[in-house]
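The values are calculated or read from the model by the stated rules, or taken from the named source; none is laboratory data. Only a predicted model underlies this, so the values are computations on that prediction, with no experimental measurement involved. So basically every Cβ, Gly included, is an ideal-geometry build from the backbone, and we count neighbours across all protein chains shown. Remember, those area values only see protein heavy atoms, side chains included, never the ligands or the DNA or RNA. Shrake-Rupley method; radii C 1.70, N 1.55, O 1.52, S 1.80 Å.
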Amino acid sequence: MAKFIILLLFSPVILSAEQSLNGIIDSRFVAVSDDQESYLNGGYGKFSYDSNAQLALAQLGLQYSAQWENNISVHVIGNAFSDGSYNGIGLTEVFLSYKGLPSEGGWRLKSKAGVFYPKISLENIATAWSTPYTLTSSSLNNWIGEELRHTGFELSLNKLGKFSNSQHNFNLDLAFFKNNDTAGALLSWHGWTIGSRQTLLNEKLIVQPFAARETALSAQAGKSDPFLELDNRWGRHLAGSWQYRTLQFSVGIYDNNADPSIVKAGQYTWDTNFLHFGFKYKLNKQTQLISQYMNGSTFMQSPYGNKVVDNDFSNGYIMLSHFWNEHQIAMRAEEFNVTDLDSTWGDNNQEYGKGLSLSYRYKLNKRSFIQTELNWLQSKRPSRWYLKQEINLTEHQFQVAFRHYFNL
Amino acid sequence: MLQHIFISFFLVYSLSTSANTIKIKVLDSDLSNIENTVVSLTPKNSNSIKQKILSPLVVTQKNKQFNPYIGVIQKGQSVVFKNNDDITHHVYSVSTNNRFDFKIKSETQNRNIQLNSLGEVAMGCNIHDWMSGFVLVVDTPFYTQTNSQSIATFENMLLGEYQLVIWHPQLDTPDNQIVKTINITGNKQWDFTLPRKLLPIPEQANQEEFEFLQGY
């Protein structure tokens, strides 16, 4: 394998390309106030770090690109995370991309093929899917990073208004994907969470312990495999955006089109659908408002065809960021909900929560930043009772990070 | 650059040998000044145009912006692109008869691009969509752009009839231009007011202040 990669890197096809390697290193001091176990370790704590985590390599992200003259490029994005208790290293996205040139009227075709993020997040826009505004992604986008990934292809049509003296830009993306049949499992079983941890393509995620795992859901494996194909059906995601001056509005519909009647090797197919909306508005050169909202449903069935887990979910956040000189502050408020619609005993997925985050970033130099953040999160989740914990939980998290963006 | 152009004039028109200063003032519909509007004068007796401007137009990419935003060249004159940014740009033109595209690495200069078709060349960068630049290709060596006072000045003009073209990519008229015939009989200033307000010039800036974006 290594031999093959070395051969490939030095092959004439690769050498004729313009190659780049960008990265982010993000190391942090983390303090979590309560003694909840993190959702990543199978607990019901809403933050990605446990209370015993102190120093963490929050992200070492590498983004390799090779671009050819024919507007085709290949992108490989890898990440490493290490906090002492939930470590991981691997790939998060690998895809080929084509970006055509605009026509005289400003129309442009783009496409992607491989494994890549669905176009939803308005926060995770920086190197290796990091967010520049805060240290954590909102709960809405943290779920995208945890359970969603397209394995397939995407076609995009852009309209650049500037070539027809219009201030309106449009973008339409249509993706067909596989390997996302289990999306929704962890949203159901641990609910919405906040952090900056992305699931690696080679990772499986711990499923929380709850009573029905001994009964109605005994077929579920101890870990959920988030990027798995069970029914050989294509999911689809249609997203559109409209930009006018400094206002960008986006909307999309996601349907993983899973056949909910399958359970194989401990993994169920989850039929997951949602609508998403978002806007980004620059009030002035220094102040920006970002908001996203999502509303959808996920369900899975027993082999006999009755809905075992059936949930509706919704999530919304609004963030205000402002920068001056070397300083940037960001404030984010969010609210989330899961409504349990099934009557399966021992698997209550009901959840409601709200959170506030306050982040301050200081630019040390062009590439390096000190960033600090305070998160407050209050959630009500009856499933905590299965672990003899309080249903209502208020969590606090404080982080100080050194972030450096580099290119090699 | 204009002085440089006109110093080299030694063309003699049969009409006259007297030299005249012509000023063209172009005001927006609300009478505000417009800088960098292209103004060109083509002698009606176009066979008499002999001089060619050889020095290329230099368009730089700095701070992820094209500079100048609007340029003008004589047909056959070349354009040189200089990337003063620390990242690669992918410069392209969408204009059918003057189509080109090339990647230009940081701190490099590309080969000359020869533009042989008349008219507007609308340019962009395929990596940074907010970047926008224009070059107008004209068939006359008598061209310039309005200054901050909205005035385009032509010196040492020979007497005679000329076609005057006023052009700006955001001019809200057919082909973004106004065409008039003027007769130069001596020193003179012509004033023009746009029939409709100039359309908004797109801001060449990314909505994101943060530099290290995914970029794919």
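A Förster distance of 45 Å, applied to the separation of the beta-carbon atoms of residue A:385 and residue A:320, puts the FRET efficiency at 0.80. Among the chymotrypsin sites (Phe, Trp or Tyr not before Pro) in the stretch A:17-98, those located in a DSSP loop and surrounded by at most 15 other Cβ atoms within 10 Å of their own Cβ are A:68. Going from the chain on its own to the full set of protein chains, the stretch A:114-143 has these residues losing 40 Å² or more of accessible surface (heavy atoms, 1.4 Å probe, no ligands, DNA or RNA): A:125. Amide hydrogen proximity for residue A:347: with H placed 1.01 Å from N in the peptide plane, the residues at 5 or more positions away or on another chain lying under 5 Å are A:212. Placing R0 at 22 angstrom, the Cβ-Cβ distance between residue A:408 and residue A:27 gives a FRET efficiency of 0.75 after rounding to 0.05.
Among the trypsin sites (Lys or Arg not before Pro) in the stretch A:280-371, those placed in a DSSP loop whose Cβ has at most 12 other Cβ atoms within 10 Å are A:285, A:366.
Name the shape class, rounded, prolate or oblate, that the alpha-carbon gyration tensor gives for the stretch A:93-377, where a ≥ b ≥ c are the square roots of its eigenvalues, rounded holds for a/c under 1.5, and otherwise prolate holds if a/b is larger than b/c and oblate otherwise.
Verdict is oblate for the stretch A:93-377.
Of the accessible area of the protein assembly as shown, computed with a 1.4 Å probe over protein heavy atoms only, carbon and sulfur atoms account for 57 percent. Working from label points 7 Å from Cα in the Cα-to-Cβ sense, the residue B:87 to residue B:50 distance is 5.1 nm. In the neighborhood of residue A:319, defined by Cβ-to-Cβ distances under 10 Å, what is the net charge if each Lys or Arg adds +1 and each Asp or Glu adds -1? Neighbour charge sum, excluding residue A:319 itself: 0. Extension gain, residue A:89 to residue A:35, is 16.8 nm, computed as 0.36 nm per intervening residue step minus the present C-alpha separation.
The length gained on full extension between residue B:29 and residue B:58, counted as 0.36 nm times the residue separation minus their Cα-Cα distance, comes to 7.3 nm.
Per residue, the convex hull around the alpha carbon atoms of the protein assembly as shown comes to 158 Å³. Each Cα pair under 8 Å and six or more residues apart adds its sequence gap; the mean of these over the residue count of chain B is a relative contact order of 30 percent. A simple spin-label model places the labels of residue A:247 and residue A:362 3.8 nm from each other, with each point 7 Å out along Cα-to-Cβ. Applying 1/(1 + (r/R0)^6) with R0 = 45 Å to the Cβ-Cβ distance of residue B:177 and residue A:354 gives a FRET efficiency near 0.20.
For the stretch A:123-156, backbone nitrogen atoms closer than 17 Å to the point 7 Å from residue A:174 Cα along Cα-to-C-beta are found at A:152-156.
Quote the total accessible area buried by chains B and A together, excluding ligands, DNA and RNA, probe 1.4 Å, nearest 100 Å².
On the way: alone 11790 and 18030 Å², together 26380 Å².
What B and A bury together is about 3400 Å².
Looking at A:124, A:182, A:161, which one has the Cα that reaches farthest to the positive end of the dipole of the stretch A:93-377 (charges on Cβ: Lys, Arg +1; Asp, Glu -1)? Farthest towards the positive end: A:161. Counting only DSSP beta bridges whose two residues both lie in chain B, roughly 75 percent are antiparallel. Take the Cα of residue A:19, step 7 Å toward its Cβ, do the same at residue B:139, and the gap between the two points is 5.1 nm.
Only bridges whose two residues both fall in the protein assembly as shown count here: according to DSSP, what percent of them are antiparallel, nearest 5? Counting DSSP beta bridges with both partners in the protein assembly as shown, the antiparallel share is about 95 percent.
Partners of residue A:119 within straight-line reach, counting lysines whose Cα lies under 21 Å from its Cα and excluding those fewer than 8 residues away in the same chain: A:99, A:110, A:159, A:178, A:280, A:282. The mean sequence distance of close C-alpha pairs (under 8 Å, at least 6 residues apart), as a share of the length of the stretch A:85-145, puts its relative contact order at 24 percent.
For the pair residue A:165 and residue A:297 in one chain, pulling the backbone fully straight at 0.36 nm per residue adds 43.4 nm over the alpha carbon distance. Scattering from the stretch B:52-140 was approximated by placing one identical point on each alpha carbon and applying the Debye formula without solvent; log10 I(q)/I(0) at 0.12 1/Å stands at -0.30. The helix-based estimate of mean residue ellipticity at 222 nm for the protein assembly as shown, built from -39,500 (n - 2.57) per DSSP H run of four or more residues and divided by its residue count, is -1000 deg cm²/dmol to the nearest 500.
For the stretch A:51-116, the solvent-accessible area with a 1.4 angstrom probe is 42 square angstrom per residue.
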